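Novice: The following block contains the structure, expressed as structure tokens.
Just so it is clear, none of the values below were taken in a lab; they were calculated from the coordinates. All values derive from a computational prediction rather than experimental measurement. Cβ coordinates were reconstructed from backbone atoms using ideal geometry, including for glycine residues, and neighbour counts include every protein chain displayed.
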Amino acid sequence: MNDFFSFFRVLSSICLLCLVVACQDNSTDKTARPGVSASGVAIFKKNCVTCHGADGKLGLNGAKDLTQSMLTVEERIPIITKGKNLMTPFEKMLTPEEIQAVAQYTTTLRTQQ
Ligand code: HEC
């Protein structure tokens, strides 16, 4: 049990170290972030929960309930990129890879029926 936890402690220290190193290396170039893969859930928490909520159901500013949305990833990408009605466009804030990742993540919020 203890071994199990110390393994994770070592692992997270390594991750933290990599992150620090990666940040320092790329401090002049904010667009290229090698080693830091676009994480859909992190992008969602940072950019989308204000209107959609962590579970996608908040519906602030008329935001669609993402647990009910039947759109495919391909249909979500243009909405996230260009925005729609009260939804802000994210093309200037996120890279196409990040938009793809977060679109993919939002499909996992759908409640299975
Ligand atoms: C300023 C509030 C706001 C923010 C922030 C926001 N949205 Fe939205 N979102 C909306 C609104 C409003 C709609 C409904 C647009 C319409 O059809 O009128 C919507 C619709 C959507 C839809 C389409 C759902 C459907 O079934 O039509 C998706 C997918 C979506 N948002 C994903 C995201 C993602 C991913 C983010 C973060 C990158 C995000 N939204 C951030 C307000 C927001």
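Novice: Just to verify a number: FRET efficiency for GLN104 and LYS82, C-beta to C-beta distance, R0 = 22 Å, to 0.05?
Specialist: Numbers: r = 18 Å, r/R0 = 0.81.
FRET efficiency, GLN104 to LYS82: 0.80.
Novice: Here is a further query. Could you pull out every one of the lysines with an alpha carbon less than 23 Å from that of LYS84, ignoring same-chain neighbours closer than 8 positions?
Specialist: The qualifying lysines are LYS45, LYS46, LYS57, LYS64, LYS92.
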